[in-house]
Structures are given as structure tokens and as C-alpha cells.
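The values are calculated or read from the model by the stated rules, or taken from the named source; none is laboratory data. Because the structure is a prediction, the values reported are computed rather than measured. Here the Cβ positions follow ideal geometry from the backbone for every residue, glycine too, while neighbour counts run over all protein chains shown.
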Amino acid sequence: MTTTTPALVADTAGAPFVQRLVERREVGANDVAIDVKFAGICHSDIHQVREEWGSAIFPMVPGHEVAGIVSAVGADVTAFKVGDRVGVGCMVDSCGECEFCLDGFEQHCTRGAVMTYNGLGYDGEPTLGGYSQSLVVSERFACPIPEGISLAEAAPLLCAGITTYSPLRRWGVGPGSKVAVIGMGGLGHMGVKIAHAMGAEVTVLSRSLAKADDSRALGATDHLATSDKDALKARSSYFDVILNTVSADLDMGTYLRLVKPRGVFVSVGLPTEPYSVRPGALIGTSKVMAGSNIGGIPETVEMLQFCADHGFGATVETINADEVDAAYEKVVAGEVRYRYVIDVSTISA
């Protein structure tokens, strides 16, 4: 039997949110039901609500940075019990049988991972996300949130945290590494925290020096304005890893010159136009230009424990449900420091 839950719903592209009841499926044998406490606002929520990434499914309930408490478990669930703290990220299902799922890279499922919202489940039903007071997911896609991180600060880790942790881990960041993070926003601030906790020397590359004090407070050694050509020239062939977190069109020649021979420029930002790269900028010094998606569930669990072990979550501003439309505008304007998190208990229907 389905149940209903209060949620924030966008009925059409770009429409203001309305607060009303939506349906959740019955808790199956392998499912957990979650009382959602907080849901982070990711910039991708805005892109999809505004249909800026192509055709979307409406009505839409966004939200893939979800933290809450298990309220019920199915008969065959073994990993969780009622009362456990859990998070849900960008995915809520995958085939569980292909090579990628079996290796813990469910985001690359050959059948196609089921996204937490604006997706279709394998049953053909649209998925509705975490801007709601309850959620039902397979236990495979619920991640335990360790003690030591508040649920509000944990919620953005389910997207912003794993999106930055995964490439830093993949490319071997550790003590002695020199890492640059392009952008000091929702993703970038997590990149700084995580790279610093891994033992790297971290530099932020930003359009201005406005957030320089914040960068250093979060663990960066330096903060450079990308308009300062002399400062960038002084860092030629300096960085082992450059993590790009912005979705702006970049002069790749400028940034690749900052990468050491055999180093990597890895992007998690998604610009609207293709990058322009001369092959010689890579071949001559054996540099790598890469992209990175989110991580799989095992790596997400690892990331959450890593953050707990190092005593940090995301830097958040908690808002009420009736502030979300205004918050979207502030995110687009770059005015949030550094992740808005919705207190979903304030949703009424």
C-alpha cells in the first residue's frame, strides 16, 4: 500500500515550488523507509527544475542530497534498523548484476542507474526526490551516516562530497600532493576540505580574492585570482592535480600549463560548450585531461567515514521550505556559503 508525504513540487519547468502531498511506494522486502530531515540544494537541482539540461519529467520533486532516520525496514533488510542515520545520494537503483555494479560503480550500470529524481524506475514510474518528508529506497542505496557529522552537514556529502572525493582518491592525492581547486562554491569548498584532509597542499583558483579568507579557513594554503596572470605564471607545471568544479567555459591552455608533467586536470563541472584543447598540450608532457562522475555506493560510504574521521561535513546554511525559490536565485548568483540545506520538517501540505 502506498503512503503520502509532504513535498516541494515543481509542476512545470521554472515554476515556483508548491507544497503538497506526493505518493511513496510500499516498503518492499529489501527497502528502507526514511524520515528525511534535511535535503541539500545542488546546482543540478536548479538546472533540472528549469529544464536547462533537456527535457525533464514533471511534476518534479528534486533533491539528491538527503539525510534522515530509518523509520521502517523490509523483511529481508540486514544492513539497517529503525533509528539508524542514513543518507541517499544521486541514485536509488541499478541492475546489481553487471560488471560495474558488481565492482561498486553503480553510477556506470550498463542497464542505467535509476536517478533519485527526474528519472524512471525499472517499473516505469517517475522518481521523486528528497525535498520531501519521507523516502523509500532499496537498502543497497542507503548509506550509513557516522556519528560525528550532523545530519544537516552530512546531506550535501551525498553529492558534493562524493563528487569531489572520488576524483581526488582516484588520482592518488595524499601527503605531498599539490592540488588546485577551481571554484569555491558548493563543490569547490568540499574539494578544499577533502584534499586538505588527505594531506595535500591546496590552492584555490577563483575569479577574485573575495573568498580568500574562507579558502584558508577550510584548509587551503593559497587562493589565487584567475585574472592575475603573473600569479598563474608563477605556478606553471606546479600542480599534480587540478580539480575543476565550475561549469564555466575555460581557457584550457592556461590551466593545463599549471599541471605538472604526468599530472591531471580533472573536471566535475559541466560547461555548456566543449573545451578546446590542443593535443600537444597533453602529449608533450604526458598530462591527463579527465572527467569524473559521482562515486559508487561503497566509495560513498568510505567518503562519509573519511569525513567523520576528520571531523567535518559541508559548510551549510539551513533554510525553511518557503525560502527555496529565493535560495535558487542566490545559488545562481553565487551568494551561498556554501550549501543551502532545507529543513524538510517545515514543508506543509
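Summary table below
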read-out	value
Strands (runs of 3 or more DSSP E) wholly inside the stretch 66-128 containing at least 1 residues that are surrounded by fewer than 19 Cβ atoms within 10 Å (Cβ to Cβ) and modelled with pLDDT of 95 or more	66-73
Cross-chain or 6+ apart pairs with Cβ under 6 Å, the stretch 278-303 first and closer than 27 Å to Glu147 by Cα, then of a type in the set (Lys, Arg) and modelled with pLDDT of 95 or more	none
Flag if Ala349 is modelled with pLDDT under 95, assigned to a loop (DSSP other than H, G, I, E, B) and farther than 20 Å from Gly89 by Cα	yes
Any chance Ala326 is out of contact with any strand residue (DSSP E or B) (no Cβ under 7 Å at 6 or more places or on another chain) and of a type in the set (A, V, I, L, M)	yes
Scope the stretch 15-57; condition over 23 Å from Ser345 (Cα atoms) and in contact with an Asp or Glu (Cβ under 8 Å, 6 or more places away or on another chain); matching residues	Ala29, Asn30
Failed condition for Ala326, given (1) touching a residue at least 24 places away in the same chain (Cβ under 8 Å); (2) not in a strand (DSSP E or B)	(1)
Number of positions in the stretch 79-131 that are charged (D, E, K, R) and farther than 21 Å from Ser292 by Cα	6
Residue among Leu258, Leu232, Leu243 that alone is over 20 Å from Gly172 (Cα atoms) and in contact with a Ser or Thr (Cβ under 7 Å, 6 or more places away or on another chain)	Leu232
Subset of the stretch 140-172 (residues that are over 19 Å from the mean Cα position of the chain (by Cα) and under 17 Å from Gly295 (Cα atoms))	Gly172
Count - residues of the stretch 296-311 that are under 18 Å from Val92 (Cα atoms) and touching a Pro at 6+ places or on another chain (Cβ under 9 Å)	2
Pairs, first assigned by TED's automatic domain parsing to the domain that holds Phe38 and in contact (Cβ under 8 Å) with a residue 24 or more places away in the chain in the stretch 79-94, second among the acidic types (Asp, Glu) and part of a loop (DSSP other than H, G, I, E, B), C-beta under 9 Å, six or more apart	Arg85/Glu147; Gly87/Glu65; Val88/Glu65; Gly89/Glu65; Cys90/Glu65
Residues of the stretch 131-165 satisfying the condition of being surrounded by fewer than 24 Cβ atoms within 10 Å (Cβ to Cβ) and part of a helix (DSSP H, G or I)	Glu139, Arg140, Phe141, Leu151, Ala152, Glu153
Subset tally (residues that are surrounded by fewer than 24 Cβ atoms within 10 Å (Cβ to Cβ) and farther than 18 Å from Glu299 by Cα) for the stretch 166-180	4
Pick from the stretch 40-68, criterion acidic (Asp, Glu) and under 20 Å from Val336 (Cα atoms), ranking: farthest from the chain's Cα centre (by Cα)	Asp45
Wholly enclosed strands (runs of 3 or more DSSP E) of the stretch 181-276 bearing at least 1 residues surrounded by 15 or more Cβ atoms within 10 Å (Cβ to Cβ) and within 18 Å of the chain's Cα centre (by Cα)	239-244, 259-267
Of all residues making up the stretch 329-349, the number that are of a type in the set (Asp, Glu), touching a Phe, Trp or Tyr at 6+ places or on another chain (Cβ under 8 Å) and without any contact (Cβ under 8 Å) to a residue 60 or more places away in the chain	0
